[in-house]
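The values are calculated or read from the model by the stated rules, or taken from the named source; none is laboratory data. The model shown is predicted, which means the values in this text are computed figures rather than measured ones. Cβ placement follows ideal geometry from the backbone for every residue including glycine, while neighbour counts extend to all protein chains displayed. Just the protein is used for accessible areas: all its heavy atoms, side chains included, with ligands, DNA and RNA removed. Shrake-Rupley method; radii C 1.70, N 1.55, O 1.52, S 1.80 Å.
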Amino acid sequence: MARVYLEGVTKKFANVTAVNDVTLEIPDRQFTVLVGPSGCGKTTALRLIAGLEEATSGSIYIGERRVNDVAPKDRDIAMVFQNYALYPHMSVYDNMAFGLRLRRYPRAEIDRRVKEAAALLGIGGLLDRKPKQLSGGQRQRVALGRAIVREPQVFLMDEPLSNLDAKLRVQTRAEIKKLQARLQTTTVYVTHDQVEAMTMGDRIVVMRDGVVQQVDSPLNLYEKPANLFVAGFIGSPAMNFIEARLARRNGGVVLDAGSFAMEVPADLVPHVQEWVGRQVIFGIRPEDIQDRAYARDANHAWALRAMVEVHEPLGSDVILYLSSGDHSIVARVDAHSQARMGQEAEVVFNLRKMHLFDPQTHAAIV
């Protein structure tokens, strides 16, 4: 097993900078997820670690070895691709054994590794089949098995679940997470799906335009986003953002959004003192806005009457799309809420869960 370390790594394609001065440590045995929108540089970063792309500048380490000039086959990594990349004319057994045969492992050792990996993945009964005889989930297990038999220092996974249907994706991501916990192999996993990232990663690396925005645990990314981009990217539905101004009023501090104003909780006032009299971006997650009739501690939250534009029942809860003045607000409320489209609803904001951002730098204030 080994840590992976990128030091000031940049990758340019002509005039496009895909990865921009990234310094990142992926600790030994950890499951780290690179996440971000399409084109953010996450797959390029993975390919740099694998040796499939050459860094324009910077250093890449696997363990204590600098691998910039080491061929991919000698980096002691195994990669799982989005499209499985199985040989259609080979059996499952031969697909899994192929890499070991190229490296001239003894036949008995190959047989042991393939059968152990197949048993681990629950595909022991499929070893004689060809890929065309397998379902999508079974093919993905074979691709994982081909990586496992290598017993590498590092697993690299490039959106391995994107070709599966929704139900199978949920099942397979749980299996991959359990598998990594059992094998204790350092894993770098790329996805554009923030739900996948939050449920699988020990740590998550959020990227945008080739730059690392934040590296943190799933909970800290959710509760303490470093900037406006991370706050909007993590969470579903996305965080609400409202332009407002901090002002003193009646001995306290309020967020004045024009069509409404709300008082900042007293214990948060010291953290925003220097922003009084200035513009900020107020952020609050939909789940921190509740129907007043079903809200806990509603007397200690700030209330707003707003028009219900869209009502989306999800069974366990309801998504409300609200409008108040020029502002559009999304709330995630109790499933029993009586709010209906075309009617006014009273919702309460849990301002202890609010976020404030600098409108110029987009960095978090609170």
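Mind checking whether some residue in region 203-217 is surrounded by 15 or more Cβ atoms within 10 Å (Cβ to Cβ), assigned to a helix (DSSP H, G or I) and not aromatic (Phe, Trp, Tyr)?
no
Would you list the strands (runs of 3 or more DSSP E) that sit entirely within region 248-366 and hold 1 or more residues that are at pLDDT below 95?
Answer list for region 248-366: 252-256, 261-263, 289-291, 302-313, 317-324, 327-334, 344-349.
Please specify each residue of region 93-129 satisfying the condition of being among the β-branched types (Val, Ile, Thr) and out of contact with any Gly (no Cβ under 8 Å at 6 or more places or on another chain).
Once the filter is applied, which keeps residues that are among the β-branched types (Val, Ile, Thr) and out of contact with any Gly (no Cβ under 8 Å at 6 or more places or on another chain), region 93-129 yields only Ile110.
Residue check, Val230 against (1) under 28 Å from Asn15 (Cα atoms); (2) assigned to a helix (DSSP H, G or I); (3) open to solvent by 40 Å² or more (accessible area, probe 1.4 Å); (4) not polar (S, T, N, Q), all met but one. Which one?
(3)
Run down Thr172, Thr199 and say which single residue is open to solvent by 40 Å² or more (accessible area, probe 1.4 Å), among the hydroxyl-bearing types (Ser, Thr, Tyr) and outside any strand (DSSP E or B).
Thr199
If you take the residues of region 233-247 that are among the small types (Gly, Ala, Ser) and part of a strand (DSSP E or B), which of them is farthest from Gly210 (Cα to Cα)?
Across region 233-247, the extreme among qualifying residues is Ala247.
Give the number of residues within region 252-288 that are within 16 Å of Lys353 (Cα to Cα), of a type in the set (D, E, K, R) and open to solvent by 10 Å² or more (accessible area, probe 1.4 Å).
Residues flagged as within 16 Å of Lys353 (Cα to Cα), of a type in the set (D, E, K, R) and open to solvent by 10 Å² or more (accessible area, probe 1.4 Å) within region 252-288 amount to 4.
Return the pair list, or none, for Cβ contacts closer than 8 Å from residues in region 72-93 that are farther than 20 Å from Leu121 by Cβ to residues that are at pLDDT below 90 and surrounded by 16 or more Cβ atoms within 10 Å (Cβ to Cβ), at least 6 apart or on different chains.
So the pair list comes out as Asp76/Ala2.
So which residues in region 233-251 are under 31 Å from the mean Cα position of the chain (by Cα), open to solvent by 50 Å² or more (accessible area, probe 1.4 Å) and among the polar types (S, T, N, Q)?
Answer for region 233-251, where residues must be under 31 Å from the mean Cα position of the chain (by Cα), open to solvent by 50 Å² or more (accessible area, probe 1.4 Å) and among the polar types (S, T, N, Q): just Ser236.
If I ask for residues that are among the polar types (S, T, N, Q) and either part of a helix (DSSP H, G or I) or without any contact (Cβ under 8 Å) to a residue 60 or more places away in the chain (or both), which ones from region 137-169 would you list?
Matches in region 137-169: Gln138, Gln140.
Residue by residue, here is whether (1) hydrophobic (A, V, I, L, M, F, W, C); (2) assigned to a loop (DSSP other than H, G, I, E, B); (3) open to solvent by 40 Å² or more (accessible area, probe 1.4 Å) holds:
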position: Val9; (1), (2), (3): yes, no, no
position: Thr17; (1), (2), (3): no, no, yes
position: Asn20; (1), (2), (3): no, no, yes
position: Glu25; (1), (2), (3): no, no, yes
position: Pro37; (1), (2), (3): no, yes, yes
position: Leu46; (1), (2), (3): yes, no, no
position: Glu54; (1), (2), (3): no, yes, yes
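Identify, by number, the condition in (1) within 27 Å of Ile62 (Cα to Cα); (2) in a helix (DSSP H, G or I); (3) open to solvent by less than 70 Å² (accessible area, probe 1.4 Å); (4) in contact (Cβ under 8 Å) with a residue 12 or more places away in the chain that Arg182 doesn't meet.
Every condition holds for Arg182 apart from (3).
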